[in-house]
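Here is the structure we will look at.
Quick note: the coordinates plus some simple rules give every number you see, no bench work behind them. Keep in mind the model is a prediction, meaning the values are calculated, not measured. A quick note on method: Cβ atoms are made from the backbone with ideal geometry, for glycine too, and the neighbour counts reach across all protein chains shown.
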Amino acid sequence: MHKVNFPFQLSRGTPLPLGASVQEQGINFAVFSRSAINVTLILEIKLPVTGEIKLHEIPLSHEQNRTGDIWHICLSEIHLDFYYGYRMTGEEDNTSGQAHTLQPILLDPYSQALRPRAWGERCQAGRRPCCRLLHHDFDWQDDLPPKTPLKDSIIYELHVRGYTKNPSGTSRHPGTYRGLIDKIPYFKTLGITAVELLPVTEFDENDTTVSNPETGVSLKNFWGYSPISFFALKSGYAADPENHINEFKAMVRALHQAGIEVILDMVYNHSGEGGYNGITSSFRGIDNTVYYLLDPVTREYLNFSGCGNTMNCNHPVVREMIRDSLRYWVMEMHVDGFRFDLASILGRDMTGQVLANPPMIEMIAEDPILRDIKIIAEAWDAAGLYQVGSFSTDRRWAEWNGRFRDDVRAFMAGHDNTVSALATRIAGSSDLYQVSGRHPCNSINFITSHDGFTLAD
């Protein structure tokens with residue numbers, strides 16, 4: 001197939017499933033790119049006896065390794081201790097909006113694990129092959145979801161690292177998924193029914209150049225709202241980064257045994273690649289015009305997220321990736337629901353216009369795998385679109401009720417003429433949800449969150 005001699009056998013492979021997967025013939029690699037002219041699979045293999053690291057670059061053929069827009073290849077007789085990535089080249093100019101370059105080694109958008117690293121260690125995305133193929137062998141012990149009705153839910157938002165590392169806490173495993181297991185007795189005394197975890201997909205906490213003005217110490221991207229993957233779990237939140245997936249699963253299993261659901265805060269509205277001056281680690285180098293919203297004339301990024309770029313959520317390819325990601329977290333990781341950050345972006349079309357019946361929002365609500373989970377929208381974006389009460393007429397969608405937050409705060413602050421608004425919010429916000437036939441429980445009532453003041457303030 002290729003003239004270069006490799007220490008493993010190569011065959012054509014198959015276009016599905018996307019990502020790296022174990023097949024009868026070997027390890028299959030499949031990645032989407034419509035605009036790439038050349039695709040090279042980069043492998044970093046650790047030899048089992050000597051521990052020596054070998055780098056292999058395998059060019060994919062247009063004739064043999066491409067089906068439609070999917071590039072694919074199968075490797076047999078390969079040792080499983082490897083990392084992989086892609087290098088892609090293609091058209092790059094301001095008129096097309098494409099952004100292929102030769103240098104970065106790109107992350108596979110479907111990779112379920114990246115190179116493990118402890119919190120604060122340098123992220124190698126874009127510099128070395130970072131994607132991993134892991135075997136899932138966790139013993140769930142007949143784990144079942146609690147399935148607490150939405151009307152009875154009390155959701156506790158927290159940050160895995162910050163919450164378990166707080167000096168006032170009692171966690172024996174600070175800063176980790178395992179540390180949340182230590183907190184279960186406290187959760188039970190609070191009477192909560194679910195924990196909502198701030199982002200736990202991979203991100204680069206070192207992506208900021210801001211320093212503490214008093215000490216000069218470099219600050220971290222602590223919250224994690226700059227994902228570089230929608231499938232890969234954050235290994236830096238594990239006591240053992242090499243075993244982060246099983247540690248997360250053990251946390252979910254323990255919470256379920258205590259009757260507590262696990263809801264993830266998912267950031268599908270943008271990626272950590274930022275604007276044109278940002279890094280190129282995955283989507284931008286694979287197919288910029290497919291994954292991101294671009295101005296039809298200038299081809300600059302449309303910034304509805306306030307973070308430099310906006311995911312093209314209603315493009316069929318991106319829509320399916322988001323759906324597949326959600327399915328993965330439900331089927332493989334046993335999570336019970338999702339809170340969608342800046343969810344109104346999920347309702348914009350490929351030019352940024354607001355859709356009446358967004359396919360992305362309908363797909364999430366109607367997907368048969370996702371039918372029993374909780375889906376919660378932050379029903380606004382950073383460009384002024386505000387859809388609290390009108391995000392969707394589907395009763396499955398709940399919403400963070402920003403009106404509840406604002407009206408309760410106004411009353412507590414002693415503002416004039418706030419009693420009526422307070423009564424409406426406490427009674428279920430009928431002004432927002434009754435017209436569309438939804439229920440009071442479609443309103444997720446809160447006073448504060450990770451955005452802005454703490455509850456103590």
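So here's what we get for this one:
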{"quantity": "Cα-centred dipole magnitude for segment 9-90, charges only on beta-carbon of K, R (+1) and D, E (-1), debye, nearest 20", "calculated": "220"}
{"quantity": "Net charge, Gln141 excluded, C-beta distance under 15 Å - Lys, Arg +1, Asp, Glu -1", "calculated": "-2"}
{"quantity": "Footprinting exposure proxy for Trp140, Trp329, Trp119 (fewest neighbouring C-beta atoms within 10 Å first)", "calculated": "Trp140, Trp119, Trp329"}
{"quantity": "Length-normalised contact order for segment 150-400 - Cα pairs under 8 Å, 6+ apart - percent", "calculated": "15"}
{"quantity": "About the Cα centre, charge dipole magnitude for segment 307-382 (Lys/Arg +1, Asp/Glu -1 at Cβ), debye", "calculated": "60"}
{"quantity": "Length gained when the stretch Thr424-Lys220 is fully extended (0.36 nm per residue, less Cα-Cα span)", "calculated": "69.4 nm"}
{"quantity": "Mean separation of Cα contacts under 8 Å, 6 or more apart, over the residue count of segment 9-90: relative contact order %", "calculated": "42"}
{"quantity": "Gyration tensor verdict on segment 412-457 (Cα atoms; rounded if a/c is under 1.5, prolate if a/b is larger than b/c, oblate otherwise)", "calculated": "oblate"}
{"quantity": "Overall Cα dimensions of segment 24-136 - principal axes, largest extent first, Å", "calculated": "48, 38, 25"}
{"quantity": "Difference of contour (0.36 nm per residue) and Cα-Cα distance, Leu47 to Asp431", "calculated": "131.8 nm"}
{"quantity": "Overall Cα dimensions of the chain, principal axis frame, Å, largest first", "calculated": "78, 54, 51"}
{"quantity": "For segment 372-436, diffusion coefficient by Stokes-Einstein and Kirkwood Rh (Cα), 25 °C, 0.890 mPa s, µm²/s", "calculated": "191"}
{"quantity": "Label-reachable residues, segment 330-348, where backbone N falls under 20 Å from a point 7 Å from Glu366's Cα toward its Cβ", "calculated": "344-348"}
{"quantity": "Most to least packed among 297-304, 127-134 [average Cβ atoms within 10 Å]", "calculated": "127-134, 297-304"}
{"quantity": "Computed FRET value (nearest 0.05) for Ala383 with Ile447, which takes r as the C-beta separation and R₀ as 22 Å", "calculated": "0.30"}
{"quantity": "For Ile37, Ile27, order by how many other beta-carbon atoms lie within 10 Å, fewest first", "calculated": "Ile37, Ile27"}
{"quantity": "Segment 145-264, Cα convex hull volume normalised per residue, Å³", "calculated": "128"}
{"quantity": "Furthest towards positive pole of dipole, Leu150, Ile184, Val210, structure part segment 125-271, Cβ charges", "calculated": "Val210"}
{"quantity": "Charge-dipole axis of segment 9-90 as Lys and Arg at +1 and Asp and Glu at -1 on Cβ define it, positive-most pick from Leu80, Pro17, His56", "calculated": "Pro17"}
{"quantity": "Proximal charge balance of His244 [Cβ under 12 Å; K/R count +1, D/E count -1]", "calculated": "+2"}
{"quantity": "Förster-model FRET efficiency, 22 Å R0, Asp240 and Thr454, C-beta, rounded to 0.05", "calculated": "0.10"}
{"quantity": "Qualifying trypsin sites (Lys or Arg not before Pro) in segment 156-194, DSSP loop, other Cβ atoms within 10 Å at most 16", "calculated": "Arg172"}
{"quantity": "Computed over the chain: relative contact order in percent, which uses C-alpha pairs under 8 Å that are six or more apart", "calculated": "11"}
{"quantity": "Coarse-grained scattering of segment 220-365 at q = 0.11, 0.12 Å⁻¹, given as base-10 log I(q)/I(0) from a Debye sum over alpha-carbon atoms", "calculated": "-0.45, -0.54"}
{"quantity": "Net lengthening on full extension, Ser11/Met412 (0.36 nm per residue, minus Cα-Cα)", "calculated": "137.6 nm"}
{"quantity": "Spin-label proximity, Asn357 to segment 428-443 - amide N less than 20 Å from point 7 Å beyond Cα toward beta carbon", "calculated": "435-438"}
{"quantity": "Charge context of Glu332, other residues only, Cβ under 15 angstrom, K/R +1, D/E -1", "calculated": "-1"}
{"quantity": "Pairwise FRET efficiency - Asp394 versus Arg122, Cβ, R0 = 51 Å, nearest 0.05", "calculated": "0.75"}
{"quantity": "Fraction of beta bridges assigned by DSSP in segment 199-353 that are antiparallel (%, nearest 5)", "calculated": "55"}
{"quantity": "Convex hull projection area averaged over all views, segment 9-90, Cα basis, nm²", "calculated": "5.1"}
{"quantity": "Charged-residue dipole, Cβ positions (Lys, Arg, Asp, Glu), the chain about Cα centre, Debye nearest 20", "calculated": "440"}
{"quantity": "Compactness of segment 150-400 - radius of gyration and Dmax, Cα, Å", "calculated": "18.4, 57"}
